[in-house]
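The values are calculated or read from the model by the stated rules, or taken from the named source; none is laboratory data. Just so we're clear, the structure is a prediction, and the values are computed from it rather than from any experiment. Backbone-built Cβ (ideal geometry, glycine too); neighbour counts: all protein chains shown.
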Amino acid sequence: MGAQRTLGINGLGRIGKLTLWHHLGRDDFDRFVVNLGRKAGTSLDALAQYVAKDSTYGPLHRFLHGQSGVRDIEVVDEARGLMRAHGKELVVLREARNPKDIAWREHGVALVVECTGTFRDPYADPDDARGSIRGHLTAGARVVVNSSPFKVKKTGVALPDDSALFINGINEFEFDPATHKVVSAASCTTTALAHMMRPLLDRDLTRNMITAGMSTVHAVTSSQPVLDTVPKAGATDLRKSRGAIGNVVLTSTNAAAALELVMPQIAEIGFMADSVRIPTNSVSLIILNVTFQSEALPDGSVSVGRDAINAIYKETAEGEARGLLKYSDEQNVSADMLGEDAAVVIEGVETHTRTGFMDLKVPPGSPRPGPECESIRIPLTHVKVFGWYDNEMGSYTHRLGELTTHVAQKL
């Protein structure tokens, strides 16, 4: 990795901060340049305290070293924005908000993780006065990893040739440093959904889906207001301006659409997706519903049953997706999954299947099973699978961090 031992991070919100935590706990980078783009508190010590503590995951030193950990973060040079955290250098930039103006080149940063959630259009001009993800390239970065899905303003266009969406454990091996300059790590929900769908799409028994849908019961995010606010100009979803603390909020998700960029076969399935925001700090739950044409077996059962689905996920957890997908036969609640290092944890005890039958009329002139047969009875099995994911750290930021390291090693 050589010169790539320095990692740039733009934005120090939830994902930016946890990205720093993730890499402080690994040995892939030993120097970090974090662009905050503004002052924080009355001195750099305010930022040191912010980095060292977290309301959801506790103190940084316990995250890194458990109960034996000792706080190890200090301000070295206020004027230069220089800090040290657990043996690694941390430079904080507090001037530029527009990516093209950030001093990446001066600080030897070749790889940047864009964590503001603001710059999402890979077509936006790098010199746009409002900022652009491509501005990081102008400022000296060779590759930018976006911590959120792309949001293309143009309609009916594919991603630019140098842009792609990668999910660690699914298609990260397709990254090509000679081609890809602007990449996205998708979202927490897309990451979990991808790891739930991949085992089903990879097996003959379950790959022929008729329709599918998912709902994510999702923890609040920083985009939601604490209390009701006036909707922004042009806002179409008025629920997004309602208070997050005391409400269950119905909203949308682009997880299924984003998944098509990683698994093109998803486009062939009638796939619906929605999101329900709930007032918890982290940990979310995907409820995946899939309908299959199944086969009636001689004993009266069907080929796609509960045991068959759970067996697929158990096999995956023990095999090709070990450490990424986990399977549990326990009865869990969301708190049990906080910090769980897995893209998704299948709650096997809640896997359900039901089979119904559809009578299809045989068109005139078509071959018939018998002379008096006017219809064919087909068993259809509906499957419901539950998957937990820690949408902040355990599921998403760890996968983002692994993708970042993979990209760095290829540069």
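Step by step: first the residues of the range 23-52, then only those that are in contact with a His (Cβ under 6 Å, 6 or more places away or on another chain) and under 17 Å from Cys115 (Cα atoms), then the one that is surrounded by the fewest Cβ atoms within 10 Å (Cβ to Cβ). Which residue is that?
Taking the candidates together, the pick is Leu24.
Tell me, please, whether a residue that is modelled with pLDDT under 95, aliphatic (A, V, I, L, M) and out of contact with any strand residue (DSSP E or B) (no Cβ under 9 Å at 6 or more places or on another chain) can be found in the range 112-131.
Within the range 112-131, one or more residues are modelled with pLDDT under 95, aliphatic (A, V, I, L, M) and out of contact with any strand residue (DSSP E or B) (no Cβ under 9 Å at 6 or more places or on another chain).
Consider only pairs whose beta carbons are under 7 Å apart and that are at least six residues apart or on different chains; among these, list those whose first residue lies in the range 334-347 and is over 18 Å from Gly401 (Cβ atoms) and in the same structural domain as His218 (by TED's automatic domain parsing) and whose second residue is assigned to a loop (DSSP other than H, G, I, E, B) and not aromatic (Phe, Trp, Tyr).
Ser334/Thr280; Ser334/Val283; Met337/Val283; Met337/Asp390; Glu347/Asn332
Give me the strands (runs of 3 or more DSSP E) completely within the range 178-253, filtered to those with at least 3 residues that are crowded, with 20+ Cβ neighbours inside 10 Å and of a type outside the set (D, E, K, R), ordered by residue number.
Ranges flagged: 182-184, 209-219.
List the residue pairs whose Cβ atoms are under 8 Å apart, where the first residue sits in the range 70-90 and is closer than 20 Å to Arg5 by Cβ, the second is among the aromatic types (Phe, Trp, Tyr) and at pLDDT 95 or above, and the two are 6 or more positions apart or on different chains.
From the range 70-90, the pairs are Lys88/Phe29; Lys88/Phe32; Glu89/Phe32; Leu90/Phe32.
Taking the range 201-244 only, how many residues are within 23 Å of the chain's Cα centre (by Cα) and among the aliphatic types (A, V, I, L, M)?
The total comes to 7.
Would you point out which residue out of Ile287, Ile312 is crowded, with 18+ Cβ neighbours inside 10 Å and not charged (D, E, K, R)?
Going through Ile287, Ile312 in turn, the sole match is Ile312.
Under the condition of being among the polar types (S, T, N, Q) and out of contact with any strand residue (DSSP E or B) (no Cβ under 7 Å at 6 or more places or on another chain), which residue from the range 161-190 is nearest to Phe150 (Cα to Cα)?
Residues of the range 161-190 among the polar types (S, T, N, Q): 163, 168, 171, 179, 184, 187, 189-190.
Checking which are out of contact with any strand residue (DSSP E or B) (no Cβ under 7 Å at 6 or more places or on another chain) leaves us with 168, 171, 179, 187, 190.
Numbers: Asn168: 16, Asn171: 17, Thr179: 17, Ser187: 10, Thr190: 12 Å.
Ranking the candidates gives Ser187 first.
Identify all residues within the range 339-372 that are of a type in the set (A, V, I, L, M, F, W, C), in a strand (DSSP E or B) and at pLDDT 85 or above; write none if there are none.
Across the range 339-372, the qualifying residues are Val344, Val345, Ile346.
Among the listed residues Ala335, Ala342, which satisfies the condition of being surrounded by 12 or more Cβ atoms within 10 Å (Cβ to Cβ) and of a type in the set (A, V, I, L, M)?
Checking each option against the conditions leaves just Ala342.
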